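First the structure, in the form of structure tokens, and then the observations on it.
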Amino acid sequence: MCDMRQDVESVLVSEEELGALCDRLAAQITEDFRDSGRDLVFVTVLKGSIMFAADLIRRIPIPCTLEFMKVSSYGSLTQSSGFIQVHLDLKRDVKDCDVIIVEDIIDSGRTLQRLSELLENRGAHTVRCCTLLDKPDRRKVNYKAHYVGTVIPDAFVVGYGLDYDEKYRNLPYVGVLAPKVYNK
Ligand code: PRP
């Protein structure tokens, strides 16, 4: 029988570590926004962020709403500006709201840079990002997330929402994919 775990070379962030980092990030966000007086909106970027968003917001005891977007960013490797295509948009106005974009990973930084700009242009009071993973070695634009779960090396990671060819999202931990899988 096929078992996806055989394709994982090593576990990079275990289930236990994921729980601990969600605890830490949720506590920071709660502290930062508990007295803001504005609507707190979590914008989850599909698809990779769903596990993280579900675990994160369950640990946040202050009122908030959960929204989803699906976007792709385009642009030349050397340009920081570029386009963002919105495949699925918010169902609400974010004017004057505190917005936290929930991401699974920051790679080049383009998606978050452009999505932040878009939400700022819609009148959000605050736009911050909470990312599970950060791969600074791959950065192409100058972007820094406000809340970072953990910094990782430039490895091909899957699991806990992250995919290779749409598979492996359902692994309960973040693992490094064995090169034999993508060198086939
Ligand atoms: C991934 C990830 C971020 C983006 C990061 O999404 O979830 O949204 O890429 O890359 P960047 O920093 O280079 O912009 P992906 O397009 O793989 O979609 P998915 O979440 O549906 O797998």
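For segment 113-155, take the convex hull of the Cα atoms, compute a quarter of its surface area, and give me that in nm², please. Let's see the in-between values first.
Numbers: hull surface 13.0 nm².
For the Cα atoms of segment 113-155, the hull's average projected area reads 3.3 nm².
Counting only residues 5 or more places away or on other chains, whose amide H sits under 5 Å from the amide H of ALA178 once H atoms are built in the peptide plane?
VAL8, GLU9
Accessible area of the chain with a 1.4 Å probe: how many percent of it is carbon plus sulfur? Don't jump to the answer; show the numbers that get you there.
Details: 4730 of 9700 Å².
With neighbouring chains kept in place, the figure for the chain is 49 percent.
LYS95: which lysines have alpha carbons under 28 Å from its alpha carbon, excluding same-chain residues fewer than 8 sequence positions away?
Excluding near neighbours in sequence, the set is LYS47, LYS70, LYS144.
Please list, in order along segment 174-184, the HN-Hα scalar couplings obtained from phi with the Karplus expression 6.51 cos²θ - 1.76 cosθ + 1.60 (θ = phi - 60°), rounded to whole Hz, x for Gly and Pro.
Each residue's phi maps through the Karplus curve to give 9, x, 8, 6, 5, x, 4, 6, 8, 9, 4 Hz.
Give me the lysines in straight-line cross-link reach of LYS184: C-alpha distance below 22 Å, same-chain residues under 8 apart excluded.
LYS167
Express the accessible area of segment 47-184 per residue in Å², computed with a 1.4 Å probe while the remaining protein chains stay in the model. Provide the component values of the computation, followed by the final result.
Numbers: 6950 Å² over 138 residues.
About 50 Å² of surface per residue is accessible.
How large is ³J(HN,Hα) for each residue in segment 24-32, as worked out from phi by the Karplus curve 6.51 cos²θ - 1.76 cosθ + 1.60 (θ = phi - 60°), to whole Hz, x for Gly and Pro?
5, 5, 4, 5, 5, 5, 4, 4, 5
When a/c is below 1.5 the answer is rounded, else prolate if a/b is larger than b/c, else oblate, so apply that to the chain with a ≥ b ≥ c taken from the square roots of the Cα gyration tensor eigenvalues. Write out the running numbers ahead of the final one.
Numbers: a/c = 1.96, a/b = 1.36, b/c = 1.45.
In terms of gyration-tensor shape, oblate.
For a bin width of 10 Å, list the pair-distance distribution of segment 1-56 built from all Cα-Cα distances, rounded to whole %.
18, 36, 30, 10, 5, 0
Cut-off under 13 Å on the C-alpha distance; same-chain residues fewer than 8 positions from LYS180 excluded. Which aspartates and glutamates are left, in chain and number order?
Result set, ordered by chain and number: ASP7, GLU9.
Using only the Cα atoms, what convex hull volume per residue in Å³ does segment 119-184 have? Display every interim value, and only then the final one.
Working: hull volume 9.0 nm³, N = 66.
In segment 119-184, the Cα hull volume divided by residue count equals 136 Å³.
Summing Lys, Arg as +1 and Asp, Glu as -1, what charge do residues with Cβ under 10 Å from the Cβ of GLY175 carry, GLY175 excluded? Intermediate values should be presented prior to the final figure.
Values: positive: ARG5; negative: ASP7, GLU9.
Net of charged neighbours comes to -1.
The values are calculated or read from the model by the stated rules, or taken from the named source; none is laboratory data. Quick caveat: nothing in here was measured; it's all calculated off a predicted structure. Cβ coordinates were reconstructed from backbone atoms using ideal geometry, including for glycine residues, and neighbour counts include every protein chain displayed. We work out accessible area using only protein heavy atoms, side chains counted, and drop any ligands, DNA or RNA first. Shrake-Rupley method; radii C 1.70, N 1.55, O 1.52, S 1.80 Å.
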